[in-house]
Structure formats: C-alpha cells, structure tokens
1. Looking only at region 115-144, count how many residues are closer than 18 Å to Ser66 by Cα, of a type in the set (S, T, N, Q) and open to solvent by less than 40 Å² (accessible area, probe 1.4 Å).
2. Could you tell me which residue of region 1-34 is nearest to Ala97 (Cα to Cα), considering only residues that are in contact (Cβ under 8 Å) with a residue 24 or more places away in the chain and of a type in the set (A, V, I, L, M)?
3. Please name all residue pairs, on different chains or six or more residues apart, with Cβ atoms under 6 Å, provided the first residue is in region 35-63 and is crowded, with 18+ Cβ neighbours inside 10 Å and the second residue is of a type in the set (Gly, Ala, Ser) and in a helix (DSSP H, G or I).
4. Give Gly30, Gly10 a once-over and let me know the one that is in contact with a helix residue (DSSP H, G or I) (Cβ under 8 Å, 6 or more places away or on another chain), open to solvent by less than 50 Å² (accessible area, probe 1.4 Å), modelled with pLDDT of 95 or more and in a helix (DSSP H, G or I).
5. Restricting attention to region 62-90, which residues are assigned to a helix (DSSP H, G or I) and either more than 18 Å from Thr112 (Cα to Cα) or touching a Lys or Arg at 6+ places or on another chain (Cβ under 7 Å) (or both)?
6. If I ask for residues that are of a type outside the set (Gly, Ala, Ser) and open to solvent by less than 40 Å² (accessible area, probe 1.4 Å), which ones from region 73-91 would you list?
7. Before we move on, is Leu162 within 19 Å of the chain's Cα centre (by Cα) and within 17 Å of Ala39 (Cβ to Cβ)?
8. If you go through region 85-105 one residue at a time, do you hit one that is free of Cβ contacts under 8 Å to residues at least 12 places away in the same chain and within 30 Å of Pro25 (Cα to Cα)?
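The values are calculated or read from the model by the stated rules, or taken from the named source; none is laboratory data. Everything numeric here is computed off the predicted structure, so don't read it as measured data. Glycine also receives a Cβ, built like all others from the backbone with ideal geometry; neighbour counts cover every protein chain displayed. Surface areas here come from the heavy atoms of the whole protein model, side chains and all, with no ligands, DNA or RNA. Shrake-Rupley method; radii C 1.70, N 1.55, O 1.52, S 1.80 Å.
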Amino acid sequence: MPDAIDTIVGQWSKERPDLADALWPVQLLGRAQRLARFADKSAKEIAAKHGVEHGEFDVLSTLQRSGPPYTLTAGALLKAAMVTSGAITNRIDRMEAKGLVERVRDGEDRRTVQIRLTSQGHEVMSHIISDHLANYARLLADVDRETCTRTADGLRAVLEALGDASLR
C-alpha cells in the first residue's frame, strides 16, 4: 500500500525525471523522519502527563539507567542528549527547580559538577517509564515483532555507517 513517501517520490519523479535515480535515500530517511515525528509527539504527551518536558524525561531516563548512584557529569548528559551545552544547562536548571535533580560538586575537584537524580526524580521516572513503554507498544501494536526487529537491525546498520557512536 503506497504511503506519503511513495507519493512524494512519485511527485518528484514526475516533476524531475532526471532526479528519479537520486531519490532512493528519501525512501528510508523520509520514513525515518515521519516515524520520529510520531514517536516524539507521543512521547511528549506522556512526559507532559507527568509534569515534565520531553527533554527532562530524557535527562531523568539517562540518569536512571546509569545505575547507582544515578549521577553523571553535565558533560556526560550533554553527550547522551545531543543538545548544546546551554540547552542542557537550562534543562538542568528547570529540573533542579522542580526537585528532580540536584547538582553535586565533586569532593576532589570542585570544578566538576555531577547531576544526581533526587528521590522525587526517581519517583517521577518510575511512573513515566511504564507509561512510555506502554505507549511505544501501542504505537507498534499493528506491526509484527519480526518486522520491528528487522527494521531496528537495518536502522542500526545505517546509524553505524553514519558514525553514530554517541553512547559508546
């Protein structure tokens, strides 16, 4: 069944036949962009339901999955979040004001600041993650697991080819 990307590729092929062979990347990247929009919109709704912004959920999740003591440097969070240093600082400021995280100075090097998940942050995260995973399962409910696995494997290969090593 044709989708929006097929329509776009068809329109460009008709409008610019000379570009028809060059449109193959749109088949993957256009669909990846559309999928990301669905996932982002849905994830933002779940985060908002719990009183946090999507970016704040990202920080909470990164800290929670880092394991005890649920503490990372701002630099490590910056690398995981792939945003500017100003954006991560603003995000942490907002989260600290909400009582979700706290800044902790390193005992040996006071220049190093650690961001630690608070007990309130743990509590919020425990509720959000369950809703978040249920939401993702709902989004993919009509797609069989084998298709999801093959697609995930293919996307991993594409990301590796692009040099995506953000969490390594």
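1. Qualifying residue count, region 115-144: 1.
2. It comes out as Ala32.
3. Phe57/Ala47; Asp58/Ala81; Leu60/Gly121; Thr62/Ala80
4. Gly30
5. Those that are assigned to a helix (DSSP H, G or I) and either more than 18 Å from Thr112 (Cα to Cα) or touching a Lys or Arg at 6+ places or on another chain (Cβ under 7 Å) (or both): Thr62, Gln64, Arg65, Ala81, Ala87.
6. Leu77, Ile88, Arg91
7. So Leu162 does not fit the description; no.
8. There is no residue in region 85-105 that is free of Cβ contacts under 8 Å to residues at least 12 places away in the same chain and within 30 Å of Pro25 (Cα to Cα).
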